[in-house]
Structure formats: C-alpha cells, structure tokens
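Step one of this worksheet: look at the structure below.
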Ligand code: HEM
C-alpha cells in the first residue's frame, strides 16, 4: 500500500469514526449533543440535575435524549409521555435495561433480581409477589394495619427515652419502617438491638452509598477494569457477600422456627418452591437464590423510600410549625389523645393526607423511577424509540409542570383540598410517585398506609421542634437511587402523658 492510500484510508477512518459517534441517532427525540466518549455529560448540571432536566424540557419538549457516553437515554417528562410508555405501550416498555451498578448490585449467582429482571421470570415473580402481598398480608387493608400500629408503639418507646433531647431520628425511623416489611418477609418484627437486624440495615446503607459512588460505572462500565475504580467494584463485591451472609442468617433463623413463621412471605415462597419441584417445571423460577434476591428487593424497596419520606415530612414540620399545629388540631378534634389514628381516619385528617401528598409531589423518593427499556421498536410522543433504548420516567418533571400545578415550586399542601374540604381526586391521581403501569411499585398500598399512620401518630403524640442553636434542615435534595436530604437534628416533645 503506498503512502497516499494510507493517508486516504486514515482520513476516511478518522472522519468516519467522528461521524458515527457524533451523528444524532436518526429518529430519536431531540436533545443534548453527543461528544465523543463523554456523550452529553459536560452539558448536564451535576449539582442540580432535576432543575437541569426542567430546563431541558423547556428547550426540547416533554421527551428528550441525553447521551450517557455513547448510549442514548430517553427521558420522559410529562404525564402524557409517561402514560404512553408505561401504560398504553406498557407490555413493550416494561423491561429493564442492563445498568452495571443496578443489575450487578442487586443480582447474584448469575441471577438478576426482581427489580432488575425482565421477561417471563419477572412476570412470574411479580404475579406471585403481588398475590402473596395483597391476598395473604392484605397490603393496604385492616389486616396489615395492626402490624404497623404495633411497630409505631415500639418506636414511641424509643422516642420517649430521648424525650426533649436533640437528636437525629433517621436510624430510628429506618428501623421502624424496616420492621414493617420484616413482619411480611419473616412473619415477625425484630428488636431494635438485634445484631443481625443492625447488620441488615448497615448493608442497606452501604448499598445506597455504592449506588451513588458507582454511578460513573453505569455510564462507563469498562472503567471497572481500571485500577483506580477497582475499589468501588471490590466494595460492591464485599457488600454482596456480607449481605448474602446476613440474609442467610435471617433465613436460617426463620427455618429454626418462630411462632409466626408460617404467616410469612418466605414460607409462601418455600411452599411454592416445593410445588414447582413436584410439577417438575422445565424452567423453574422459584429457588433459594431467587428467594434471597426477591426478599432483598422488597426489603430495600420498602425501607429507604418510605423512611426518607417520613424524614422529609418531619423536616417540613420544622420549616412550617403552623402547619404542624393545624394538623395536630385536626387530630385532637377527630381522634383525640387515647386511640391511635387508623386508615379509616384518612377522610377526616385531610390536611395530614394533603401534606403527605405534597411531600410526595415535591420530592418523589424514587424520582427517576427505575430505568425501563423496550423489546421492540416503538414510538413515544411521535418519536422513534429503537428497541433496547434506555427510557427513564422523570417523575419530578410532571409534578412541577405549570400546566397542571399552580406555583409548582411552592410547598402548599392545601392545593390538594377541594371546595368540599376533601382530597381532590384528580390531583391525587396526578401524584405519580409510585410510577404506573406494569412495573408500578408493588409496595404502594403498604407505603401509603405506613406514611399516613406513622406521620399522624407521631404528630398526635409529639410536637417536633428545632433544637436550640440548630439550623433548619436543608430541603435541598440529593439525587441518588432515591432522594435524600442531609442529616438533621430534632426535638420530640410529648404533647400529653397517659
Ligand atoms: C419499584 C416508588 C415503597 C418495593 C418502585 C418504583 C418506584 C417506587 C417509582 C419504580 C417503578 C418503575 O419501574 O416504573 C416507591 C415509593 C415508595 C415505595 C415512592 C414509598 C414512599 C415500596 C415498598 C415496597 C417497594 C413499601 C415493598 C413492599 C418495590 C419493588 C420495586 C419497586 C420490589 C420493583 C418492582 C418491579 O421492578 O417490578 N417503587 N416505592 N416499594 N418498589 Fe417501590
């Protein structure tokens, strides 16, 4: 080959490479430019991604594309586009894409977890899980309410020990909320000083930290082979071994017997496993590894999200003490001081319900839901979405859409109360913090109960105040897998003694 040919081939290859990399993918929704290697990253505001997405929505419309390195990611930022993908075309968009941290962190021993799986396996597990959670445990019904109330009483005992003192309630709320799902998984609650329970919660916190520090590996999965990124991957591997060990301890304990074990998700799973064995299903789904993964998903899905929402609610009570007083007055009027609130009181404690909705609207805890993908070529909002595109429902954007909400950036629970003093049904439905369609959060009914009962019971018994010398908690949310705010201290003052 002469020198001229080499030069020509070199030029063609060089520009061809740039053309392939930089050319916007045909038909995809409009969006940020794509730079080599980095994709659209330099154009995003890492400090406040949610605000940045709202600006992009103004510029490009409800559906836009952002490139994570070379991978196009389509963000859905309106009710219509989210509904179109997750409900109308839900069968196609219900799948999960491969994301290094999510898929590898949650999966184990060659199996993907419930939350990150797709296809037949996911459908079978979801169907079984919903059946057990709803039929057996009565998620969202009176049967389950008693467990929650029992846990709230245990939480009161702990708060009373610190009465009037300044402290961070985060760990206590975590334990109480985690126990509300432990009852389902294992058939009984755990003591707050139980060592394995402590380890379980610690592992969960570590998971959240891993998901945050490992975000870079979702964008550039090949970085995991670089020595300076090894520590993230090694930490994740260690945490997984640890988590597996803790879950096995919990399972062993369960097998050793406890008076309530029969009435647990785990027993239901083991029964189903036996049934599947007897039917000699050629493609079995129910096995021990999958059980551990599903229970882990339910535990982590239930714990951080609900705990964070309660933590936000208490922070708002410090920012809006008058609102706290008004909610307390309604509790005193309709329930009094002796009986704890129940779900039947929801219609009466309208301001409390509206405050919970407003917090979920302003800060949907799983803001970017979990990523979805489509099996087949499809369209959203008229744009072509090639099969296998990562699609992210941005739940924060419709919650802050001026077409649906007046002053969407204001915190105003009263927006949910209609002319008859009841919760406005349309506005209730427009809070889509639990997502929608075939992957809608399976814990929605449980979470709504936990939020209402915990929040109203806390305000019935205590007034929450800012400790002397402390600053008001920051309400600036940090976006990880879930939204978080920085830790803060609070005083819980008993309103009455009985
Ligand atoms: C999935 C929100 C509580 C278990 C999700 C998703 C959201 C969400 C947005 C993603 C849906 C999607 O992919 O489109 C919330 C919020 C909660 C909460 C805001 C509380 C305030 C719970 C509870 C449980 C739970 C109590 C357990 C019973 C799960 C699981 C998934 C999930 C297992 C994955 C489902 C699947 O992939 O099919 N949740 N959740 N969550 N949630 Fe929740």
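The values are calculated or read from the model by the stated rules, or taken from the named source; none is laboratory data. A quick note: this is a predicted structure, and the numbers were derived from the prediction, not measured. Counting neighbours? That spans all protein chains shown, and the Cβs are built from the backbone with ideal geometry, glycine included.
Given the criterion over 19 Å from the mean Cα position of the chain (by Cα), within 14 Å of the ligand (Cβ to nearest atom) and within 15 Å of residue 353 (Cα to Cα), identify the matching residue among 453, 458, 426.
Unique residue meeting the criteria: 453.
Could you check, for region 178-185, whether at least one of its residues is away from the ligand (no atom under 13 Å from the Cβ) and outside any loop (DSSP other than H, G, I, E, B)?
no
Can we say residue 472 is in a loop (DSSP other than H, G, I, E, B), touching a residue at least 24 places away in the same chain (Cβ under 8 Å), over 18 Å from residue 360 (Cα atoms) and within 16 Å of the ligand (Cβ to nearest atom)?
Against the criterion (in a loop (DSSP other than H, G, I, E, B), touching a residue at least 24 places away in the same chain (Cβ under 8 Å), over 18 Å from residue 360 (Cα atoms) and within 16 Å of the ligand (Cβ to nearest atom)), residue 472 does not qualify.
Here is a check on your reading of the model: is residue 291 in a helix (DSSP H, G or I), at pLDDT below 90, within 16 Å of the ligand (Cβ to nearest atom) and surrounded by 13 or more Cβ atoms within 10 Å (Cβ to Cβ)?
Taking the combined requirement at face value, the residue does not satisfy it.
Please verify whether region 136-156 includes one or more residues that are more than 15 Å from the ligand (Cβ to nearest atom), at pLDDT 95 or above and more than 28 Å from residue 203 (Cβ to Cβ).
Scanning region 136-156, I find no residue that is more than 15 Å from the ligand (Cβ to nearest atom), at pLDDT 95 or above and more than 28 Å from residue 203 (Cβ to Cβ), so the answer is no.
Which condition breaks for residue 360 when tested against (1) within 13 Å of the ligand (Cβ to nearest atom); (2) in a loop (DSSP other than H, G, I, E, B)?
Just one mismatch for residue 360, condition (2).
Any idea which of 408, 393, 442, 398 is surrounded by 14 or more Cβ atoms within 10 Å (Cβ to Cβ), closer than 21 Å to residue 56 by Cα and near the ligand (Cβ under 10 Å from one of its atoms)?
393
Check whether at least one residue in region 431-438 is more than 9 Å from the ligand (Cβ to nearest atom) and in contact with a strand residue (DSSP E or B) (Cβ under 8 Å, 6 or more places away or on another chain), and report yes or no.
The answer is no; no qualifying residue exists.
Any idea which residue in region 23-44 is modelled with the lowest pLDDT, counting only those that are surrounded by fewer than 14 Cβ atoms within 10 Å (Cβ to Cβ) and out of contact with any strand residue (DSSP E or B) (no Cβ under 7 Å at 6 or more places or on another chain)?
Restricting to residues being surrounded by fewer than 14 Cβ atoms within 10 Å (Cβ to Cβ) and out of contact with any strand residue (DSSP E or B) (no Cβ under 7 Å at 6 or more places or on another chain), the top hit is 23.
Based on this model, can you work out whether residue 123 counts as away from the ligand (no atom under 12 Å from the Cβ), surrounded by fewer than 18 Cβ atoms within 10 Å (Cβ to Cβ) and either under 20 Å from residue 434 (Cα atoms) or touching a residue at least 12 places away in the same chain (Cβ under 8 Å) (or both)?
no
Can you name the residue in region 404-417 that is in contact with a helix residue (DSSP H, G or I) (Cβ under 8 Å, 6 or more places away or on another chain) and without any contact (Cβ under 8 Å) to a residue 24 or more places away in the chain and, of all such residues, is farthest from residue 356 (Cα to Cα)?
Checking each candidate, the answer is 406.
Would you check which residues across region 42-93 are more than 24 Å from residue 483 (Cβ to Cβ), in contact with a helix residue (DSSP H, G or I) (Cβ under 6 Å, 6 or more places away or on another chain) and either away from the ligand (no atom under 16 Å from the Cβ) or assigned to a loop (DSSP other than H, G, I, E, B) (or both) and list them?
69
Please pick out the residue among 224, 230 that is away from the ligand (no atom under 16 Å from the Cβ), in contact with a helix residue (DSSP H, G or I) (Cβ under 6 Å, 6 or more places away or on another chain) and modelled with pLDDT under 90.
224 is the lone residue from the list that is away from the ligand (no atom under 16 Å from the Cβ), in contact with a helix residue (DSSP H, G or I) (Cβ under 6 Å, 6 or more places away or on another chain) and modelled with pLDDT under 90.
Can you find even one residue in region 103-111 that is within 14 Å of the ligand (Cβ to nearest atom) and either out of contact with any helix residue (DSSP H, G or I) (no Cβ under 7 Å at 6 or more places or on another chain) or assigned to a loop (DSSP other than H, G, I, E, B) (or both)?
Looking for residues that are within 14 Å of the ligand (Cβ to nearest atom) and either out of contact with any helix residue (DSSP H, G or I) (no Cβ under 7 Å at 6 or more places or on another chain) or assigned to a loop (DSSP other than H, G, I, E, B) (or both), one finds at least one in region 103-111, hence yes.
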